1. Given the conditions (1) within 16 Å of the ligand (Cβ to nearest atom); (2) part of a loop (DSSP other than H, G, I, E, B); (3) modelled with pLDDT under 95, and given that ARG153 satisfies all but one, which numbered condition is not satisfied?
2. Which of the residues belonging to the range 105-135 are assigned to a helix (DSSP H, G or I) and either touching a Lys or Arg at 6+ places or on another chain (Cβ under 6 Å) or near the ligand (Cβ under 9 Å from one of its atoms) (or both)?
3. Are there any pairs, at least 6 apart or on different chains, whose C-beta atoms fall under 9 Å, with the first in the range 70-99 and assigned to a strand (DSSP E or B) and the second surrounded by 15 or more Cβ atoms within 10 Å (Cβ to Cβ) and of a type in the set (Lys, Arg), and if so, which?
4. From the list ILE173, ILE197, which one is in a helix (DSSP H, G or I) and under 17 Å from the mean Cα position of the chain (by Cα)?
5. Return yes or no: is VAL40 within 15 Å of the ligand (Cβ to nearest atom) and touching an Asp or Glu at 6+ places or on another chain (Cβ under 8 Å)?
6. Just to be sure before I move on: is TYR35 aromatic (Phe, Trp, Tyr) and not in a helix (DSSP H, G or I) in the structure I sent?
7. Kindly list, by first and then second residue, each pair from a residue in the range 195-211 that is touching a residue at least 40 places away in the same chain (Cβ under 8 Å) to a residue that is of a type in the set (Asp, Glu) and buried (at least 17 other Cβ atoms within 10 Å of the Cβ), limited to pairs with Cβ atoms under 6 Å and residues at least 6 apart or on different chains.
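The values are calculated or read from the model by the stated rules, or taken from the named source; none is laboratory data. Just so it is clear, the structure is predicted and the values come from calculations on it, not from any experiment. Using ideal geometry, Cβ is built from the backbone for each residue, glycine included, and neighbour counts are taken over all protein chains shown.
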Amino acid sequence: MQIAIDGPAGSGKSTIAKLVATKLGFIYCDTGAMYRTATVMAARLGLDYGDEAAIMAHLKDLDITFKPSPAGQLVFMAGEDVTLAIRQEETTNNVSQVSALPAVRAEMVRRQRQIAADHDIVMDGRDIGTTVLPNAELKIFMVASVATRAQRRHKENVEKGIMTPVATLEQEIAARDQKDSTRAVSPLRKAPDAIEIDSSNMTIDEEVQTIIDLVNKKR
Ligand code: C5P
């Protein structure tokens, strides 16, 4: 079974997707982490974030892997743990430029489909229901107000020692929404058959249960 969870930055997708996957015993794939890793790679190599050819030359052979851990999921780039590096502001503020490159998207979509091929999976991102897994049995589109999303990101950040003010996060989130929704290839969009969940006034438990109920209806 494939469950696609899409939505804008900070809508709570990753938190919910991870919990749903754990409850169901499915694997979880955080596709945003893959675009973030490509962005870290470009920064480390001093590449321009818009230089598709140079980024692709290195990304093609770049090993990006996930490893479950009690603290969440760890992300590795060529064997190096980049779990924290991919959440730094430099990465967050430039990932939309890298993820808009058509060749980068094609490569990531190919890898994501491969990961989903032989597992029950919960996959979260921006284009999972529309492009990566168009036949997913359940598609969720999560939304929440910019204020709610900035507050959530702030709380997550503080736990990681990142101290960006809420007002800055609101601006960054709105800017990223704008870039992700208006890019030419696979923009952030609700699939016609996706179920929208507005999580602004829901607890995490309520959101998880809503999705589990929907899964049970499908089985
Ligand atoms: O989900 P997260 O906020 O970590 O995603 C980081 C960025 O990666 C998004 O802002 C977007 O530019 C890109 N992304 C994407 N397609 C996906 C997942 C993420 O373009 N499926």
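1. (2)
2. If the condition is that a residue be assigned to a helix (DSSP H, G or I) and either touching a Lys or Arg at 6+ places or on another chain (Cβ under 6 Å) or near the ligand (Cβ under 9 Å from one of its atoms) (or both), then ARG105, MET108, VAL109, GLN112, ILE128, GLY129, THR130, THR131, VAL132 are the ones that fit.
3. Matching pairs, first to second residue: GLY72/LYS18; GLN73/LYS18; VAL75/ARG36.
4. On the way: ILE197 fails: in a helix (DSSP H, G or I).
Only one candidate qualifies: ILE173.
5. Details: within 15 Å of the ligand (Cβ to nearest atom): yes; touching an Asp or Glu at 6+ places or on another chain (Cβ under 8 Å): no.
It is false that VAL40 is within 15 Å of the ligand (Cβ to nearest atom) and touching an Asp or Glu at 6+ places or on another chain (Cβ under 8 Å).
6. Working: aromatic (Phe, Trp, Tyr): yes; not in a helix (DSSP H, G or I): no.
Here the answer is no, as TYR35 does not meet what is asked.
7. From the range 195-211, the pairs are SER199/GLU207.
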